[in-house]
Each structure stands twice: as C-alpha cells, then as structure tokens.
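Everything below concerns the one structure shown next.
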Amino acid sequence: VINTDLGRVMREADYLMKKWSVGTEDPQIAGFKSPLDYAADQGMLSVGAWSRFWFVPKDMQFRRADNLLLFESGRMTVQTEYMFQGVGAGADPANLKFAEFFTDHYQEIAKKYPVYAELYEYAEMVSLAKYLKESGVPLFWFLMANKDLVITEDSVGTVDALFKDSRRFEGVSVEGGVELRSEGQYIYDNEAVNAINAAIRNAP
C-alpha cells in the first residue's frame, strides 16, 4: 500500500491512535483513558514490556439483492498483545481496557476524527474484494484495467517517535510509534537521498 491513499489512511489512523495510547495527545472523548491511566487505576504497571496495538475489521457481512452485493454490517476493533522476542504473548490488562474502549466507541471517535471513518470505508472495500476473490470472481483484469483510478500519495519515509514521562509512576516513561517498513521496499526521506547522492559524487 506504499504511495496509495489506503497507505495514508492506515498510517494516519495508526499514528493518531498511538499518540493517544502513549499519552502525548488526548482525543477529548468522554470517558477516555490512556493505558497508563488504566494502570494507575489498577495500581499495577508492566515495566519494560513491549506491547503493540493494531486495527482489525470484524464481522464484515454482505447480502445479495438482485444483481447487487450490498454491505450489511461490520465493526472495527482495536487489538493488543505483548511482544516477547518478536512473538505475541497475551496482553496487558490496562492495554486491553484501552483497546476495548476504542472498539466500543469507534463510531463516536470516527465522527470526531474523520480518518477513522475513512479507515472503516476502506475496510468495507477490502472485505468486499476478499469476498469476491474467495468466491472465484475474476478480478485481476478489471483491477489492471482501472489501476489509474487508484488514489495515490507521496508517502512519508518516517514519522516522529512518540515519548512521554509518566506523571503517575515515578521513573517510568512510555514510547511508541508506527511501523512503516515493507518487506523488501524502502522509502528514503529527502535528506537521506541528498546525502547518498553527495556521497556517490564525492566517492574516489
């Protein structure tokens, strides 16, 4: 999804959610709490543990009406887990509460932050494409014939890392960010490109 509008929506939605989970920004949604807030309420904090959050569409349902295929229902959820040596293993209770709140209030959040409405719309389209593919509908020729209609962007190569000291747990800080890597592909920022070109020009 690099350099596509879908990539932009995925990146912006994820980054905004990470700002709220780290605590560098507050969405101003009634009842919202960061994972650190939930941990303080519980009096328990997992220190030194890597966690991740991500979006997953669930229960995406379609129905047939004559020669039409209509989207009927579905929802967006936020998932979380610990990361131990690169493998997911359970989840932190405070993180689970954060993910559950985000899931339960997704529509309310999407009204205030349109990128989440965009994310849900793309989830509908991707789910429909997956359904058609699994149903054996030949899509490749159609997609290739219309690839010029794909909305594109000039993707950023990096986003700023997020960092915040906890006010409620002395000596504890939270950091996070968004994973932009793609297997076998790299997007360089302008400074990196200029530095590489200069190094090539000045090489003996």
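The values are calculated or read from the model by the stated rules, or taken from the named source; none is laboratory data. Only a predicted model underlies this, so the values are computations on that prediction, with no experimental measurement involved. Note: ideal-geometry Cβ built from the backbone for every residue, glycine included; neighbour counts use all protein chains shown. For accessibility, only protein heavy atoms count, side chains too; no ligands or nucleic acids. Shrake-Rupley method; radii C 1.70, N 1.55, O 1.52, S 1.80 Å.
Sorting 23-36, 92-105 by average packing, meaning the other beta carbons within 10 Å per residue, from highest down gives 92-105, 23-36. Protein heavy-atom surface of segment 64-147, 1.4 angstrom probe: 59% of the accessible area is carbon and sulfur, with nucleic acids and ligands not counted.
The stretch between Asn194 and Leu68 holds 40.2 nm of extra length on full extension. This uses 0.36 nm per residue minus the Cα-Cα distance.
Ordered by packing density, taken as the mean number of other Cβ atoms within 10 Å over each peptide's residues, highest first, how do 119-129, 64-74 rank? Mind showing how you got there, number by number?
Numbers: 119-129: 15.8, 64-74: 9.7.
Put in order of decreasing packing, that is 119-129, 64-74.
Taking amide H as placed 1.01 Å from N in the peptide plane, the amide H of Asn3 sits under 5 Å from that of Ser155, each at least 5 places away or on another chain. Each of Asp5 and Thr152 was given a label point 7 Å from its Cα along the Cα-to-Cβ line. The distance between the two points is 1.4 nm. Computed with a 1.4 Å probe over protein heavy atoms only, the accessible area of Met76 comes to about 10 Å².
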